[in-house]
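Here's the structure, in structure tokens; my notes come after.
The values are calculated or read from the model by the stated rules, or taken from the named source; none is laboratory data. In this text the structure is predicted, and so the values were computed from the model without any measurement. All Cβ positions, even for glycine, are placed from backbone atoms using ideal geometry, and neighbour counts span all protein chains on display. When the accessible area is computed, the model is the full protein with side chains, heavy atoms only, and any ligands, DNA or RNA have been set aside. Shrake-Rupley method; radii C 1.70, N 1.55, O 1.52, S 1.80 Å.
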Amino acid sequence: MQADLIWNDIEKIRSASPLVHNITNYVVMNNTANALLALGASPVMAHSVEEVEDMTAIASALVINIGTLSPEWVAAMKLAMTAAAKRGLPIVFDPVGAGATPYRSKVCYELLGNQAPTIIRGNASEIMALVDANVKTKGVDSLEECDNRAEAAAQLLSREYAATVVVSGGVDLVIRDEAKAQVANGHPLMPRVTGLGCTASALVGAFAAVNADPFAAAAHAMAVMGICGELAAEKADGPGTLQLYFIDALYNLTSRQVKDYLRIGLS
């Protein structure tokens, strides 16, 4: 059963505590670090060009998130991605706000051209902007629905970069070549908490660290993300407490909860 496979990954994360190297943004560092810790992984946020290659050398996965850009960080991202590829580490790329500004889109194309990631995760606007420069993003929020156009863009990206592509939305899509997973877990309060999309990318990194199949790792991570969002929403009074209970849900997640809450379709 799919729930058993997901639980097997969670147990691996909890027992191995893989080091997930994040080059991410100022807004979410604390949130994503705490989420990784609650899941059972070991987070590190190292951004300096002087150490990113050395940090990548001891990591089990690399997560690149372009939320708060600077030329120095872009240089560090390129170095880290190249180092990770040489070691065969999974690379998760989160194109935060792709399409919002010309510079942001340019950086995305540069990073993708420098080293193809293993997994790309973004909202519908961001994924579509990676294949169509005319698609715009509202800051870091999606202006597009996770529909057939977003799915087509994800398939194009998957083929171009030989990558698994995740499109976050009301129903998350996970695409790899012709394979598709639809993860229906989640709650409407989740988009009201800043950085939960970035947290999803970090969790994808943790699952990719223990599961050699990027498609399965991405689908499992998004399912756990959505399930924990639902569990948190049952206790929360609003977005503030949702974030609090979300971390607790990750930490306390059980195999029974995964089986009871999981809503995933594979094709």
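When each of Thr32, Thr56 is tested for being within 15 Å of Ser201 (Cβ to Cβ), modelled with pLDDT of 95 or more, open to solvent by less than 20 Å² (accessible area, probe 1.4 Å) and not in a loop (DSSP other than H, G, I, E, B), the lone residue that passes is Thr32. Suppose we keep only residues that are within 23 Å of Leu244 (Cα to Cα) and within 13 Å of the chain's Cα centre (by Cα) within the range 5-29. Which one would you say is modelled with the lowest pLDDT? Result: Val28. The combined condition, being at pLDDT 95 or above, surrounded by 18 or more Cβ atoms within 10 Å (Cβ to Cβ), within 28 Å of Val258 (Cα to Cα) and out of contact with any strand residue (DSSP E or B) (no Cβ under 8 Å at 6 or more places or on another chain), is not fulfilled by Ala61. Restricting attention to the range 35-53, the residues being open to solvent by 30 Å² or more (accessible area, probe 1.4 Å) and farther than 13 Å from Ile23 by Cα number 3.
Return yes when Phe246 is over 21 Å from Gln2 (Cα atoms) and assigned to a helix (DSSP H, G or I) and no when it is not. For Phe246, the condition - over 21 Å from Gln2 (Cα atoms) and assigned to a helix (DSSP H, G or I) - is met.
Scanning the range 70-86 for residues that are more than 25 Å from Ala217 (Cα to Cα) and either touching a strand residue (DSSP E or B) at 6+ places or on another chain (Cβ under 7 Å) or open to solvent by 40 Å² or more (accessible area, probe 1.4 Å) (or both) yields Pro71, Glu72, Trp73, Ala75, Ala76. Pairing residues of the range 113-124 that are within 17 Å of Thr199 (Cα to Cα) and touching a residue at least 12 places away in the same chain (Cβ under 8 Å) with residues that are polar (S, T, N, Q) and in a loop (DSSP other than H, G, I, E, B), at Cβ distances under 6 Å and at least 6 apart in sequence or on separate chains, gives Asn123/Ser142; Ala124/Ser142. Tyr251 meets the conditions (1) under 21 Å from Ala16 (Cα atoms); (2) of a type in the set (Ser, Thr, Tyr); (3) open to solvent by less than 70 Å² (accessible area, probe 1.4 Å) in every case but one. The failed one is (3). Annotation note: of Pro95, Pro90, the sole residue that is crowded, with 22+ Cβ neighbours inside 10 Å and in contact (Cβ under 8 Å) with a residue 60 or more places away in the chain is Pro90.
Taking Asp260, is it closer than 17 Å to Asn30 by Cα, more than 19 Å from the chain's Cα centre (by Cα) and open to solvent by 60 Å² or more (accessible area, probe 1.4 Å)?
When the stated conditions are applied, Asp260 does not pass them.
In the range 161-191, which residue that is modelled with pLDDT of 95 or more and part of a helix (DSSP H, G or I) is surrounded by the fewest Cβ atoms within 10 Å (Cβ to Cβ)? Once the filter is applied, the top-ranked residue is Tyr161.
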